[in-house]
Amino acid sequence: MGMDHRLALFHLVLLFFVTCQVSPSPRNQQFEDYRNSADKWLSIVNRKLEQAANRHAILSWQIHTNRTAEAVNELSKEERARSKFNAELCEERKRWAVELLSRTQQRMMARLCHGTQLNENQTKTLVETTTRLQAIYSEAVVNVAGHNYTGESEIKDVMAKTRDYSTLLEAWSGWRNAVGPPSKELFHRMIEINNLGVQAAGLHDTSELWKKELGIDNLEKVVDDLYATVRPLYVQLHAFVRGRLSAIDKTGVVHSDRPIPAHVLGNMWAQNWEPLLPLLLPNTAALSGAEEATLVLRKRFSSFNQLVEVAQDFFLSLGFQPLPSSFWTRSQFVRPNDGRKPVCHGSATDFYSKEDVRLMMCGEINEDDFYTLHHEMGHLYYFLAYSHQPFLFRSGASSAFHEAIGDTIIYAAMTTQHRLRLGFLSTNTNNKDQEIVDLLRQALVKIPILPFSLALEKWRWGVMAGQIKPNEYNQVWWKFKLKYQGIVPPIERSEKDFDPASKFHIISNTPYIRYFLSSILQVQIFQALCESSQQGPRFGKPLNQCDIYGSIKAGNRLREMLSLGSSHPWNVALKVLTHEENPKIDAQPLMDYYQPLHKWLVMENRRLNYTVGFH
Ligand SMILES: [Zn+2]
């Protein structure tokens with residue numbers, strides 16, 4: 001109380017100095033003292049938050065690798081202590097006259113008190129609810145053609161490898177039957193509790209909080225505009241895939257002019273169509289399918305650790321340091337064979353303790369996991385690059401940037417030159433055919449996720465804001481899927497089903513529009529790195545032929561950006577990369593990258609008389 005009073009008086013005195021414009025020296029001294037005491041307070045806060053985040057990471061790790069009732073209980077306790085501490089910090093923060101602080105201090109203060117404010121009971125219920133949801137998801141058993149598959153990682157493989165439509169349908173609907181209905185009530189409860197927490201913090205609902213995190217004004221309009229730029233490419237890709245599938249389909253499942261049934265696209269969520277590549281280009285000599293890259297990897301490597309090393313090698317070539325030894329000993333690379341049931345969804349974790357960063361995967365030696373490793377490594381190197389920052393700045397320029405880094409490196413690693421280096425291509429054919437095959441392969445991975453993520457997040461924003469009610473969850477989910485992705489469920493759905501729960505990020509309540517933004521941002525970053533190594537369109541070379549492997553200049557520029565953490569707004573971070581005065585998130589580099597493929601798709605769809613569009 002006394003302290004508050006003194007501070008208030010102090011503000012008055014400062015105000016007097018400012019308004020009367022007296023000689024600068026005493027005023028400067030006052031400012032300096034005030035800011036010094038703010039620094040002291042903030043550094044204590046940073047240290048405490050860092051310790052709490054470390055405890056939280058350790059407990060979450062325990063639950064993800066080996067869920068026990070004790071660990072869930074501990075985590076729940078920790079969460080309650082943390083929300084109490086956060087509430088205290090929010091109160092204490094009010095004592096500071098923000099306008100008198102430095103810009104860095106202001107930024108820290110702003111980051112101090114955002115997020116949900118839950119009471120003890122709500123926190124406890126929330127932890128129990130989310131843990132149960134994750135358990136349903138990771139322990140679901142689905143029987144397909146007499147064989148049992150456990151969890152996402154096993155069943156998703158079936159979707160990628162099988163081309164028999166009835167088996168695909170069994171896996172598609174089996175997974176949704178296993179995870180959907182038991183999750184609906186829990187999901188609804190999770191949304192409600194989170195909303196109570198953000199409402200206590202003065203916001204309307206959780207979607208508002210999520211949008212704020214990205215620091216983009218008018219986010220909905222921005223993503224709509226970005227998508228309007230990319231949509232023509234998606235529509236052509238959709239038309240080509242549908243045309244090809246219906247031409248080879250003897251069963252009549254895929255119609256040449258209707259939306260595509262969601263189970264035939266090579267993926268549980270129709271978000272990555274890469275497994276279809278061999279079907280799409282059956283007679284192309286330059287086609288080297290995913291199978292081949294997987295075979296090369298299996299021939300060369302006997303352990304998953306070696307695969308991790310090869311993924312790390314790309315970062316080393318850019319001048320990054322090898323990952324710390326604790327990473328190699330503490331990570332979970334492959335599914336344990338001791339009966340534990342870990343959460344196998346690939347993820348990277350910062351433990352906020354020196355260099356303790358870890359990877360969680362149930363990895364296998366195949367092309368898909370090889371590129372997932374590059375993605376996760378982007379997170380790990382980001383964690384390490386900003387580990388010197390105070391806790392409140394130990395995060396990405398935004399979550400979209402965090403997601404983009406590893407994928408920027410995937411763009412670099414998927415070039416024809418690098419696939420040759422890895423032995424995924426046998427000879428340097430480097431002709432037009434090869435270029436189209438490589439671009440198509442990438443587009444099948446990178447383009448469907450754009451409408452997929454837009455549909456997912458628009459649905460969830462609507463749910464959080466209360467515009468979409470529980471009795472229309474599933475129906476609106478599919479309405480958005482049709483509108484953005486041009487896909488339909490292969491069998492009838494009702495509100496007894498809860499298909500959103502088939503996706504990890506829905507049941508784990510992870511925001512998703514970051515992946516949409518990341519998919520666009522990563523090509524923009526890739527272009528910036530190309531230019532820093534004197535390549536790319538400005539240097540007379542198409543963007544898709546840019547090879548940054550071994551470029552120290554590109555690595556330096558990337559590290560410079562990564563090391564900022566969240567100490568500056570995202571556009572400052574982007575400026576470090578692009579050297580543009582007022583950089584914006586821009587879909588043009590993505591369109592430039594795929595331009596040869598876009599042209600080719602338009603010509604092929606015309607030549608083959610394929611229907612374009614899905615409305
Ligand atoms: Zn990620």
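The values are calculated or read from the model by the stated rules, or taken from the named source; none is laboratory data. These numbers come from a predicted model, not from an experiment. Cβ sites come from the backbone with ideal geometry, for glycine too, and all protein chains shown count toward neighbours.
Within region 534-552, the residues that satisfy the criterion of being surrounded by fewer than 21 Cβ atoms within 10 Å (Cβ to Cβ) and either free of Cβ contacts under 8 Å to residues at least 24 places away in the same chain or in contact with a Cys (Cβ under 6 Å, 6 or more places away or on another chain) (or both) are GLN534, ARG538, PHE539, GLY540, LYS541. Of the residues examined, GLN434 is not one that is away from the ligand (no atom under 13 Å from the Cβ), under 20 Å from ASP313 (Cβ atoms), touching a residue at least 12 places away in the same chain (Cβ under 8 Å) and outside any loop (DSSP other than H, G, I, E, B).
Please work out if SER399 is touching a residue at least 12 places away in the same chain (Cβ under 8 Å), within 15 Å of the ligand (Cβ to nearest atom) and either on the phi > 0 side of the Ramachandran plot or touching a Ser or Thr at 6+ places or on another chain (Cβ under 9 Å) (or both). Before you say what the answer is, go through the steps one by one.
Numbers: touching a residue at least 12 places away in the same chain (Cβ under 8 Å): yes; within 15 Å of the ligand (Cβ to nearest atom): yes; either on the phi > 0 side of the Ramachandran plot or touching a Ser or Thr at 6+ places or on another chain (Cβ under 9 Å) (or both): yes.
Yes.
Of the set (1) surrounded by fewer than 17 Cβ atoms within 10 Å (Cβ to Cβ); (2) within 29 Å of the chain's Cα centre (by Cα), all apply to ASN86 but (1). Return the residues of region 403-444 that are closer than 22 Å to GLY550 by Cα, of a type in the set (Asp, Glu) and at pLDDT 90 or above; say none if nothing qualifies. Scanning region 403-444 gives a single hit, ASP407.
Could you look through region 136-188, keep only residues that are of a type in the set (S, T, N, Q) and touching a strand residue (DSSP E or B) at 6+ places or on another chain (Cβ under 7 Å), and pick out the one that is farthest from ALA270 (Cα to Cα)?
Residue satisfying both the conditions and the ranking: ASN148.
The single condition among (1) among the small types (Gly, Ala, Ser); (2) exposed (fewer than 14 other Cβ atoms within 10 Å of the Cβ); (3) more than 30 Å from MET591 (Cβ to Cβ) that ALA247 does not satisfy is (3).
May I ask you to verify whether TYR371 is crowded, with 19+ Cβ neighbours inside 10 Å, aromatic (Phe, Trp, Tyr) and away from the ligand (no atom under 16 Å from the Cβ)?
Details: crowded, with 19+ Cβ neighbours inside 10 Å: yes; aromatic (Phe, Trp, Tyr): yes; away from the ligand (no atom under 16 Å from the Cβ): no.
No: the conditions fail for TYR371.
Can you find a residue in region 184-191 that is free of Cβ contacts under 8 Å to residues at least 24 places away in the same chain and among the β-branched types (Val, Ile, Thr)? Checked against the condition, which is being free of Cβ contacts under 8 Å to residues at least 24 places away in the same chain and among the β-branched types (Val, Ile, Thr), region 184-191 yields no hits at all.
Residues of region 379-394 being under 19 Å from ALA52 (Cβ atoms) and away from the ligand (no atom under 13 Å from the Cβ), which ones?
TYR386, SER387, GLN389, PRO390, PHE391, LEU392, PHE393, ARG394 - these are the residues of region 379-394 that are under 19 Å from ALA52 (Cβ atoms) and away from the ligand (no atom under 13 Å from the Cβ).
The set of residues in region 192-220 that are within 19 Å of TRP459 (Cα to Cα) and under 20 Å from the mean Cα position of the chain (by Cα) comprises THR206, SER207, GLU208, LEU209, TRP210, LYS211, LYS212, GLU213, LEU214, LEU219, GLU220. Only one of the numbered conditions (1) more than 28 Å from GLU457 (Cα to Cα); (2) free of Cβ contacts under 8 Å to residues at least 24 places away in the same chain; (3) in contact with a helix residue (DSSP H, G or I) (Cβ under 9 Å, 6 or more places away or on another chain) is not met by ARG559, and that is (2). The condition (being touching a helix residue (DSSP H, G or I) at 6+ places or on another chain (Cβ under 8 Å) and either closer than 23 Å to GLN106 by Cα or more than 16 Å from the ligand (Cβ to nearest atom) (or both)) is satisfied by just one residue among THR415, THR408: THR415.
Checked against the criteria, LEU295 counts as more than 24 Å from the chain's Cα centre (by Cα) and in a helix (DSSP H, G or I).
Exactly one residue among ASP356, ASP313, ASP338, ASP350 is within 16 Å of the ligand (Cβ to nearest atom) and either of a type in the set (Asp, Glu) or exposed (fewer than 14 other Cβ atoms within 10 Å of the Cβ) (or both), and that residue is ASP350. Can LEU373 be described as free of Cβ contacts under 8 Å to residues at least 60 places away in the same chain and within 17 Å of LEU307 (Cα to Cα)? So LEU373 does not fit the description; no.
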